[in-house]
1. Could you work out the local net charge near Ile73, counting Lys and Arg as +1, Asp and Glu as -1, over the other residues with Cβ closer than 12 Å to its Cβ?
2. Taking a ≥ b ≥ c as the square roots of the Cα gyration tensor eigenvalues, with a/c under 1.5 meaning rounded and otherwise prolate when a/b beats b/c, else oblate, which class fits segment 152-196?
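Readers should treat all values here as calculations from the given coordinates under stated rules, not as data from a laboratory. Keep in mind that what you see is a predicted model, and the values were worked out from it rather than measured. Heads up, the Cβs are rebuilt from the backbone with ideal geometry, glycines too, and the neighbour counts pull from every protein chain shown.
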Amino acid sequence: MKTSNPVLARLGQAAERERAAGYAPTGPYGQPGYPQQPGYAPQGYGQPNPAAPGYPAAPGYPAAPPTVAPMSIDDVVVKTVTLLGILGLSAAAAWVLVPDALVRTAWIGAALVGLALGLVISFSRMANPALVVAYSVVEGVFVGMVSKAFESLYNGIVLQAVVATFGVFFVMAMLYKVRAIRATPKFVRGVTAAIVGLFAVMLINLVLALFGFDTGLRSGGPLAIGFSLVCIVVASLSFVLSFHEVEEGVRMGLPQRYSWTAAFGILVSLVWLYIEILRLLSYFQGDD
């Protein structure tokens, strides 16, 4: 169960602890494996039964069922769609219910709460579905408020950004599926470093903006366009990291509830990509 990804390594350690508490990994061909219990023996004719020497075990006779099921790709797909549905409903509700005068306040508040929840989820050693769902709700408010603000300035821009976001996502999924892009250790380190670097730059830019300094990164000029393009490229490549983590998590036999953590990673990339595409489109239609 070796992996160069620190997140997967941490989750793998948690999975090992759960196995020690009664979880059994999958067996051949993906069927659930079963912990050996007194009185049961491996399936198959003629195999010795340690609980009853001299008597073969009955074919296919199950042991006690595993206490925790392993995650699968289907689990991640279902959880991702669920989180997107929650985010969409939350965004729609915020769009309709929050008055125009409070859009900016709700936008900033949701961004701060979402950042806090995201950090807790990212650095947590255990999967927490409740926190992931809460994050989706808060991010829905954030996305709804940002979308409402941009749509009030540029009619139709939200639909364009949504279509472009999911278009990029499906293209990256296809490229990963055919192995046109591979999550090699060097690739993972490079994209991870780029993500950390970009968020550091955005944080510094935000702090400077609060003190009245305009760096030009979000002003709509050539520098802002270039910065958004870089962010869009890196956000797109981050899907490769998420797809790789899902595959590795399934291979490592992580418990099923860790599919929420995998879906959370995909959701974060989708929201980031959407916001950057929304910004980029606005630069070609006028100032923010």
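1. Residues near Ile73 contribute -2 overall.
2. oblate
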